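One structure below.
The values are calculated or read from the model by the stated rules, or taken from the named source; none is laboratory data. Owing to the predicted nature of the structure, the values given are computational and were not obtained by experimental measurement. Cβ sites come from the backbone with ideal geometry, for glycine too, and all protein chains shown count toward neighbours. Calculation scope for accessible area: heavy atoms of the full protein, side chains included, ligands and nucleic acids excluded. Shrake-Rupley method; radii C 1.70, N 1.55, O 1.52, S 1.80 Å.
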Amino acid sequence: MKKCLFLLMAVMLALTMQAQVKATVLGDRYAMLKVKQGEKYLLLPVQESEDIAAITVLNGQNDMVQRMNVKLAIDRVDYYVPYELKGASLLDIEFHGDRRQKGAVGEFVCWKEMKYSNTFDTTNCEHFRPIYHHTPLYGWMNDPNGMFYKDGVWHLYYQWNPYGSQWENMTWGHSTSKDLVHWEAQPTAIEADWLGSIFSGSCVTRGDEVVAMYTSAGHHQTQSLAISKDGGRTFKKYSGNPVLTTSDVADFRDPRPFWNEDIKAWNLILAAGQEMRIYSSKDLKEWKYESSFGKEYGNHGGVWECPDLFEIRNEKLGMSNWVLLCNINPGGPFGGSATQYFVGQFDGHKFTCESMPKVTKWLDYGKDHYATVSFYNAPENRRVVLAWMSNWQYANQVPTHQFRSANSIPRDLGLFRCGEETYVSVKPSKEMLAVRGARLKAPTEACEIVIDMKGQTQIVLSNTKGEQVTMHYDGAKQTFTMDRTKSGDVSFSEAFPCTTEAPTYGQVKQLRLFIDRSSIEVFDTEGKMSMTNLVFPSEPYNTIKVKGGKATIYAIKH
């Protein structure tokens with residue numbers, strides 16, 4: 001009896017909550033929704049296959065306070081996203097798309113499914129959400145932004161859509177970590193304003209302040225500043241924004257400032273079309289153009305994005321070089337997104353590449369390694385990087401809903417020589433050794449596998465469903481390949497099933513494989529090769545067969 005009464009009360013409460021949301025239909029594309037005061041969230045039902053609805057938020061004085069694009073549900077609900085009301089009084093909603101196909105606005109399922117709530121449940125409900133990789137609690141994530149280290153804490157900001165699990169409404173999300181593996185979600189760091197959405201950028205530390213420089217993406221792409229006086233938790237935008245503009249290219253974005261002790265000034269590198277531009281400044285506000293780099297160098301198959309410029313020293317080899325990271329989309333070695341780089345020298349004014357213009361070097365030879373940038377002020381003079389673990393060819397279609405996209409494991413960069421060229425080495429950061437657990441007899445959904453190899457080695461990961469990933473090392477050709485064509489669900493994009501191949505720049509004696517629920521990252525232990533690929537098996541790979549080598553499996557402590 002009590003159980004029935006409880007269920008009845010729950011149903012009545014649900015009906016009451018739904019009845020609280022009343023929309024006024026103003027035509028075949030428009031509606032208004034007066035907001036009930038005293039509630040924290042309005043839970044918005046999303047249907048990903050629909051067109052966006054443009055929502056303008058007004059306060060009690062009818063001042064416009066926010067704009068956002070949400071794929072409001074028409075005939076079914078895929079998931080909910082929370083809108084924090086914060087004084088909102090009225091939502092003015094315009095639907096896009098062909099209304100003749102969608103039906104009458106007043107009959108859309110979104111009006112029945114919108115709910116007020118004081119909480120939003122972020123409990124993981126995704127089969128493919130990684131266990132030890134950073135992911136947003138909910139919503140879409142792409143490029144890592146503004147990463148820095150200060151007072152024992154690693155700060156990671158990221159391109160985030162709080163109102164859906166596909167790209168839109170760019171803001172800076174924020175997470176922090178003390179060990180680069182376990183991440184804690186923080187409140188939204190920087191939100192859109194009337195200059196535009198908040199695209200990618202970087203943070204620097206200046207005394208007790210943290211200064212963020214980012215792209216304001218409105219009618220034009222311009223560069224803006226925001227300043228934090230509480231260690232990067234909250235930011236106040238600079239009243240003089242924008243601080244840097246241009247009129248000659250449409251793609252003008254992703255600023256990366258850094259202090260250059262050699263010239264006692266700040267440098268800045270940012271992407272402008274298919275080149276990188278370098279500036280200098282004494283105060284981060286007034287910028288002087290110094291030079292450009294990129295014409296005829298490297299790969300130009302797509303737009304150049306998300307640059308980074310830093311010095312790496314190899315004391316053992318007596319080497320010191322500057323590295324310019326250049327993320328490109330499309331144009332990657334296997335289609336879509338990838339990170340290329342250039343090695344040379346930088347004098348505070350001009351970057352000079354040591355390779356011939358047509359030489360292209362890739363930081364990672366997988367399909368799912370993009371927007372790589374480094375942490376500012378990392379301890380021990382380390383150069384620690386994270387990447388966005390996806391590809392623009394299918395990032396919006398991968399088989400998850402509650403969230404989309406993860407970051408790679410942290411990696412430390414170095415230098416090595418092969419022949420006449422200098423290359424960037426990539427190794428899992430030492431923090432990954434700290435989470436290595438007990439030895440296992442078989443692979444699990446989250447583990448590290450060390451492979452000791454000979455000249456020819458084949459590695460097959462598989463499960464009871466017949467899904468498998470096949471890897472092959474060819475010592476004679478000095479190549480490593482990974483075939484994910486039978487890895488699990490590959491149906492969501494024709495670009496997903498593929499085989500990727502990497503040069504190994506010499507013989508490989510040992511590999512480290514990091515397996516998580518939906519990704520495989522492979523590293524040559526000496527740092528000469530890395531490969532990152534997503535996989536979506538219906539069940540974890542629980543069998544490994546190695547021909548021409550030996551596997552040792554470790555749990556990942558998390």
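Restricting to region 215-231, count the residues that are assigned to a strand (DSSP E or B) and farther than 13 Å from Val243 by Cα.
Of the residues in region 215-231, 3 are assigned to a strand (DSSP E or B) and farther than 13 Å from Val243 by Cα.
In region 177-197, which residues are assigned to a strand (DSSP E or B) and either out of contact with any strand residue (DSSP E or B) (no Cβ under 8 Å at 6 or more places or on another chain) or over 21 Å from Lys237 (Cβ atoms) (or both)?
Ser177, Trp183, Glu184, Ala185
Mind checking which residues of region 472-508 are part of a strand (DSSP E or B), within 26 Å of the chain's Cα centre (by Cα) and not β-branched (Val, Ile, Thr)?
Phe480, Met482, Asp483, Glu501, Ala502, Pro503
Show the residue pairs meeting these rules: Cβ distance below 7 Å; 6+ apart or different chains; first residue within region 243-257 and within 11 Å of Gln223 (Cα to Cα) and of a type outside the set (S, T, N, Q); second residue open to solvent by 50 Å² or more (accessible area, probe 1.4 Å) and not in a strand (DSSP E or B).
Correct list of pairs: Val243/Lys285.
Could you tell me which residue of region 436-462 is farthest from Val323 (Cα to Cα), considering only residues that are among the hydrophobic types (A, V, I, L, M, F, W, C) and open to solvent by less than 10 Å² (accessible area, probe 1.4 Å)?
Leu461
Picking from Tyr473, Tyr541, which residue would you name as being of a type in the set (Phe, Trp, Tyr) and within 30 Å of Gly419 (Cβ to Cβ)?
Tyr473
Residue-by-condition table, conditions (1) acidic (Asp, Glu); (2) surrounded by fewer than 24 Cβ atoms within 10 Å (Cβ to Cβ); (3) touching a Pro at 6+ places or on another chain (Cβ under 9 Å):
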{"residue": "Asn381", "(1), (2), (3)": "no, yes, no"}
{"residue": "Val384", "(1), (2), (3)": "no, yes, yes"}
{"residue": "Ser390", "(1), (2), (3)": "no, no, no"}
{"residue": "Gln402", "(1), (2), (3)": "no, yes, no"}
{"residue": "Glu420", "(1), (2), (3)": "yes, yes, no"}
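Is it the case, given these coordinates, that Thr234 is open to solvent by 70 Å² or more (accessible area, probe 1.4 Å) and either without any contact (Cβ under 8 Å) to a residue 60 or more places away in the chain or assigned to a strand (DSSP E or B) (or both)?
Spelling it out, Thr234 is indeed open to solvent by 70 Å² or more (accessible area, probe 1.4 Å) and either without any contact (Cβ under 8 Å) to a residue 60 or more places away in the chain or assigned to a strand (DSSP E or B) (or both).
Looking at (1) at pLDDT below 95; (2) on the phi < 0 side of the Ramachandran plot, which is the one condition that is false for Tyr80?
Evaluating Tyr80 over (1) at pLDDT below 95; (2) on the phi < 0 side of the Ramachandran plot leaves (1) as the failure.
From the residues in region 463-498 that are of a type in the set (S, T, N, Q) and either under 24 Å from Gln393 (Cβ atoms) or without any contact (Cβ under 8 Å) to a residue 12 or more places away in the chain (or both), which one is surrounded by the most Cβ atoms within 10 Å (Cβ to Cβ)?
That would be Ser487.
Contact list please: Cβ distance under 7 Å, first residue in region 535-551 and over 12 Å from Leu511 (Cβ atoms), second residue among the hydroxyl-bearing types (Ser, Thr, Tyr) and open to solvent by 40 Å² or more (accessible area, probe 1.4 Å), pairs at least six apart or on different chains.
Partner pairs satisfying both residue conditions: Glu539/Thr464; Pro540/Thr444.
Scanning region 317-351 for residues that are of a type in the set (Ser, Thr, Tyr) and crowded, with 18+ Cβ neighbours inside 10 Å, which turns out nearest to Asn533 (Cα to Cα)?
Ser337
Which is of a type in the set (A, V, I, L, M, F, W, C) and open to solvent by less than 40 Å² (accessible area, probe 1.4 Å), of Val105, Val77?
Only one candidate qualifies: Val105.
Looking only at region 513-531, decide whether some residue is among the polar types (S, T, N, Q), in a strand (DSSP E or B), out of contact with any Pro (no Cβ under 7 Å at 6 or more places or on another chain) and in contact (Cβ under 8 Å) with a residue 60 or more places away in the chain.
Yes.
Return the pairs, sorted by first residue and then second, in which the second residue is open to solvent by 50 Å² or more (accessible area, probe 1.4 Å) and basic (Lys, Arg), the first residue lies in region 164-193 and is over 16 Å from Pro144 (Cβ atoms), the beta carbons are less than 8 Å apart, and the residues are 6+ apart or on different chains.
If the second residue must be open to solvent by 50 Å² or more (accessible area, probe 1.4 Å) and basic (Lys, Arg), the pairs left are Gly164/Lys71; Gln166/Lys71; Pro187/Arg233; Ala192/Arg67; Asp193/Lys237.
Here is a yes/no grid of residues against (1) in a strand (DSSP E or B); (2) in contact with an Asp or Glu (Cβ under 7 Å, 6 or more places away or on another chain):
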{"residue": "Asp262", "(1), (2)": "no, no"}
{"residue": "Ile269", "(1), (2)": "yes, no"}
{"residue": "Glu290", "(1), (2)": "yes, no"}
{"residue": "Glu296", "(1), (2)": "no, no"}
{"residue": "Glu305", "(1), (2)": "yes, yes"}
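Looking at Glu296, Glu354, Glu315, which is the one that is within 25 Å of Arg417 (Cβ to Cβ) and without any contact (Cβ under 8 Å) to a residue 12 or more places away in the chain?
Checking each option against the conditions leaves just Glu315.
Go through the residues of region 134-152 one by one and say whether even a single one is more than 30 Å from Ala226 (Cα to Cα) and in contact (Cβ under 8 Å) with a residue 40 or more places away in the chain.
No, region 134-152 contains no residue that is more than 30 Å from Ala226 (Cα to Cα) and in contact (Cβ under 8 Å) with a residue 40 or more places away in the chain.
Select from region 116-149 the residues that are closer than 25 Å to Val490 by Cβ, touching a His at 6+ places or on another chain (Cβ under 7 Å) and surrounded by 18 or more Cβ atoms within 10 Å (Cβ to Cβ) and list them in ascending order.
Result: Tyr132, single match.
So how many residues does region 198-214 have that are hydroxyl-bearing (Ser, Thr, Tyr) and either surrounded by fewer than 24 Cβ atoms within 10 Å (Cβ to Cβ) or not in a strand (DSSP E or B) (or both)?
Final tally of qualifying residues: 1.
Suppose we keep only residues that are at pLDDT 95 or above and either within 22 Å of Val25 (Cβ to Cβ) or aromatic (Phe, Trp, Tyr) (or both) within region 35-48. Which one would you say is surrounded by the most Cβ atoms within 10 Å (Cβ to Cβ)?
So, considering only residues that are at pLDDT 95 or above and either within 22 Å of Val25 (Cβ to Cβ) or aromatic (Phe, Trp, Tyr) (or both), the one surrounded by the most Cβ atoms within 10 Å (Cβ to Cβ) is Leu44.
For region 501-519, enumerate the residues that are closer than 17 Å to Met389 by Cα and surrounded by 21 or more Cβ atoms within 10 Å (Cβ to Cβ).
Leu513, Phe514, Ile515, Asp516, Ser518, Ser519
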